[in-house]
């Protein structure tokens with residue numbers, strides 16, 4: 001069937017074209033139609049991505065569901081797509097979360113609804129494109145193209161300081177990405193005229209070019225992850241973005257930076273990766289520890305969760321550069337789990353913000369008295385953020401710390417401090433917000449989660465618990481691809 | 001024409017030029033007699049002229065290079081491609097300008113005729129096989145442009161702009177001519193093909209040759225608008241009526257490309273070591289001055305003018321690689337730039353109407369609320385100019401950077417990329433004004449349906465043509481290869 005042969009293309013272009021159709025519904029007079037159409041499109045995209053999992057062959061690391069067509073022959077650019085065990089969970093994460101974001105933004109966004117929904121749908125298409133692109137320029141087009149809808153989302157529907165945040169986000173990311181472009185074109189010339197990523201994996205490179213290429217890719221991906229010290233755009237962007245924007249930003253966009261490390265730095269410049277592993281691990285540990293301390297002193301809930309995200313992503317990059325199976329699988333599991341958990345946490349903050357229009361912890365207290373269902377869900381997600389066993393947060397952290405032990409006792413010890421620090425800032429925040437006496441009239445007037453909010457949070461809760469109790473499906477999907485990637489990352493090119 | 005081949009010089013190849021010239025004269029006469037009800041006849045005739053010329057050029061497209069008039073006129077794939085793009089751009093320029101020029105009493109027969117003469121000059125430049133033909137086309141274009149800029153007699157800014165343009169342009173033409181005369185002195189001929197061979201035999205250390213080259217590059221740099229010979233651009237773009245800015249900022253860039261290719265590549269390719277270094281300096285200065293100056297502008301026409309200077313810097317990057325890939329990349333860049341510029345200034349015209357010039361950046365405030373679709377079109381245009389995928393502007397920058405890295409100029413590619421980030425800021429600012437700010441004025445967008453549709457198609461083409469980027473790039477590379 002035509003769809004079968006081009007399922008990835010459908011997954012990418014359905015939301016994009018659907019988003020354009022939503023745009024065509026016009027102004028806010030047709031907001032209802034825009035919302036339902038968006039929901040239909042996002043559900044359709046999710047339904048299209050489900051067969052990717054059902055028909056995935058976890059026994060091989062080869063790219064599956066591949067399709068390739070020449071695009072710009074003069075520059076040897078191909079429209080080639082394919083996924084393996086690493087891209088698949090990320091694509092499913094993207095399509096699932098977009099559905100949730102559409103539902104979550106249902107009543108909250110009243111102004112220019114069609115454009116809001118269209119931006120998310122088009123962004124979803126591009127994000128799936130990033131995860132499935134096998135051609136360097138195609139990857140780049142999707143990577144950069146995603147900046148446009150995100151820039152608009154933050155700038156139009158964001159908070160008070162949104163313009164500063166959105167322009168900072170855009171220019172920061174653009175700079176890193178353009179340096180990556182130069183690196184990709186250099187590789188094109190070195191490989192005798194090919195933009196296919198697979199060709200770069202086997203391309204021999206001397207040490208100095210490898211280090212320069214590594215740094216160029218690092219410029220792009222470290223900004224996206226974000227790693228210390230180029231993380232400063234994230235707290236601004238997260239705080240100022242509307243809830244849906246924060247969810248997608250934290251849950252999916254950050255993972256794209258990590259994905260970039262997996263697809264570019266490790267297999268293309270393996271010797272430089274080993275040589276600079278100490279540097280990367282140091283930056284990761286600084287993120288884990290220092291940023292956790294920064295999170296501890298935050299007064300704004302969203303900023304706290306933003307810093308918590310940076311800290312958790314430090315775990316991810318740590319897992320990549322210790323070069324063993326547990327570290328890598330743990331890091332990727334952490335990526336998926338963090339996608340659910342941080343998405344859920346931002347949605348929870350959104351629920352509170354929609355009611356009291358404040359994100360300050362000091363404005364809350366004793367919320368559990370008025371919103372018991374919501375408080376239980378928030379507690380669950382907070383526990384997942386801490387890494388409590390039986391939640392998804394535990395899987396990744398445990399595997400990464402195990403892997404870190406194999407590399408060095410000290411890495412494991414320093415990484416393990418996250419167990420304490422993460423608990424500190426998360427539980428303290430939750431305690432101040434949910435527990436205790438009802439703090440003020442504002443809190444006294446709170447109403448519990450509406451069915452819509454409960455649905456969204458409930459779905460995420462099921463996934464968080466499910467992945468925590470039974471992570472095997474995810475880990476099995478990853479295994480072959482991770483082994484292959486580790487083999488590429490260990491094969492010296494000198 | 002074949003039957004007369006033995007008796008007449010082979011003038012059949014210049015049929016498009018002859019057609020345009022004849023029609024320009026016809027329109028001038030028709031305009032004298034065009035009474036009230038027929039007052040749109042000259043305008044429609046102008047558009048038809050361009051269509052007719054396109055048909056004639058397409059008729060001989062892709063054939064082997066042919067020369068005429070003793071080698072002074074060349075018809076090859078490069079000239080055909082450049083001419084077709086010029087027709088398309090000029091057609092849209094006239095279409096967009098109609099309402100605006102009508103409102104200000106500019107749309108008289110002379111306006112159209114001057115525009116057509118300018119097109120004729122561009123066509124002659126594209127087909128030049130001889131230095132004097134180049135100069136002829138160049139001056140025809142330049143004089144038409146000076147007059148067009150000054151067309152609005154009641155506007156002191158326009159008169160000032162025209163004065164500056166004229167004086168500086170005459171100086172630059174003089175430099176170009178002086179350089180040509182030195183090349184003549186060194187090589188003994190003004191015919192481009194002969195000069196090429198002469199340069200090979202003389203060798204590139206000849207001092208007169210190099211001096212001549214320097215003057216030629218200076219003259220060319222002025223016409224292109226490369227820093228530090230860019231001073232006329234902001235003033236002319238700002239002072240001229242926007243419909244004339246539209247004309248000056250789009251099609252002549254194609255002609256400038258043809259100028260560079262015919263002179264520097266067709267004739268002086270052996271001196272590429274010299275002019276390549278000169279162009280590096282011009283390119284870096286253009287990108288720097290253009291991007292940095294645009295940030296502080298509050299007038300959108302001036303901002304776009306400085307951005308033009310920056311774009312010309314990128315365009316020169318392709319040429320300075322001295323490889324066919326680089327020339328093809330530059331042609332692609334200038335074509336994409338022509339359409340981006342057309343759409344950008346077209347938007348400014350769209351927002352202007354009787355008595356109101358939408359010149360300041362604030363006039364774009366809240367456009368997303370006032371007129372959703374035009375804001376979207378402008379968004380696409382701005383991101384395309386910034387070089388952000390998935391627009392055509394990105395592929396233009398990509399192909400130029402690719403050409404640079406191919407010859408090993410990685411440092412220059414990094415510089416270009418860094419300035420692109422700097423440049424992204426002022427394009428983002430326009431998007432910010434449109435989408436993030438509330439409208440300052442209640443001005444409705446009043447413009448004809450045809451213009452709005454054409455402009456929307458123009459802007460969206462920058463994204464929708466994505467699957468055909470390869471085909472366009474192939475065409476450009478093919479066209480340049482014909483120079484061989």
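Taken together, the values in this text are just the output of simple stated rules run on the coordinates, not laboratory data. Computed from a predicted model, the values in this text were never measured in an experiment. FYI the Cβ positions are ideal-geometry reconstructions off the backbone, even for glycines, and counts take in every protein chain you see.
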Compute the acute angle (0 to 90°) between the alpha-carbon long axis of helix A:87-104 and the principal axis of greatest extent of the alpha-carbon atoms of chain A; round to the nearest 10°.
30 degrees
Starting from the Kirkwood Rh over alpha-carbon pairs, what translational D in µm² s⁻¹ does segment A:96-175 have by Stokes-Einstein at 37 °C and 0.692 mPa s?
243 µm²/s
Using a basic spin-label model with each label point 7 Å from the Cα along Cα→Cβ, how many nm lie between residue B:48 and residue B:200?
4.8 nm
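If you average over every viewing direction, what projected area does the convex hull of the Cα atoms of segment A:74-119 give, in nm²? Mind showing how you got there, number by number?
Values: hull surface 21.5 nm².
Quarter of the Cα hull surface area: 5.4 nm².
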Scaled radius of gyration (Cα, divided by 2.2 N^0.38 Å) that segment A:343-473 gives
1.18
Shape descriptors of segment A:266-423 over alpha-carbon atoms, Rg and Dmax in angstrom, are 16.8, 57
1/(1 + (r/R0)^6) with r = Cβ-Cβ of residue B:231 and residue B:132, R0 = 35 Å, i.e. FRET efficiency to nearest 0.05, evaluates to 0.80
Distance between modelled label sites at residue B:33 and residue B:360, nm, 7 Å Cα→Cβ extension:
4.9 nm
Tell me, A:55, B:108, B:302 in order of fewest to most beta-carbon neighbours within 10 Å?
A:55, B:108, B:302
Once residue A:297 and residue A:419 are pulled to full extension, the length gained, defined as 0.36 nm per residue separation minus their Cα-Cα distance, is 42.2 nm
If one compares the long axis through the Cα atoms of helix A:472-490 with the longest principal axis of the Cα atoms of chain A, the angle in degrees, nearest 10, works out at 40 degrees
Over the C-alpha atoms of segment A:209-317, what are the Rg and the largest Cα-to-Cα span, Dmax, in Å?
14.1, 45
Work out the FRET efficiency for residue A:440 and residue A:28 from their Cβ-Cβ distance, taking R0 = 35 Å, and round it to the nearest 0.05.
0.55
Taking the Kirkwood radius as the inverse of the mean 1/r across Cα pairs, report the Rg/Rh of chain B.
0.96
Rounded to the nearest whole number, the per residue volume of the convex hull around the C-alpha atoms of segment A:340-420 in Å³ is 105 Å³
For the pair residue A:402 and residue A:360, how long in nm is the line joining their label points, each one 7 Å along Cα→Cβ?
4.6 nm
Rg(Cα) / (2.2 N^0.38 Å) computed for segment B:211-363, rounded to two decimals
1.06
Can you grab the distance from the C-alpha centre of segment A:67-140 to the C-alpha centre of segment A:1-52, Å, no decimals?
11 Å
Rounded to the nearest 10 degrees, what's the angle between the helix A:277-286 long axis and the longest principal axis of chain A, both from Cα atoms, 0 to 90?
10 degrees
Ellipticity estimate at 222 nm from DSSP helix runs (n ≥ 4, -39,500 (n - 2.57)) divided over chain A, nearest 500
-23000 deg cm²/dmol
Taking Cα centroids, how far is segment A:230-302 from segment A:162-193 in Å?
17 Å
Mind checking the full-extension length gain between residue B:167 and residue B:292? Use 0.36 nm per residue of separation minus the Cα-Cα distance, one decimal, nm.
42.4 nm
Measure of size requested: the Rg and Dmax of the protein assembly as shown, with Cα atoms as the atom set and Å as the unit; please supply both.
30.6, 107
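State the three equivalent ellipsoid semi-axes of chain A, derived from the C-alpha gyration tensor as the square roots of 5 times its eigenvalues, in descending order and whole Å. Before the final figure, lay out each step's value.
Details: eigenvalues 234, 147, 80 Å².
Semi-axes, largest first: 34, 27, 20 Å.
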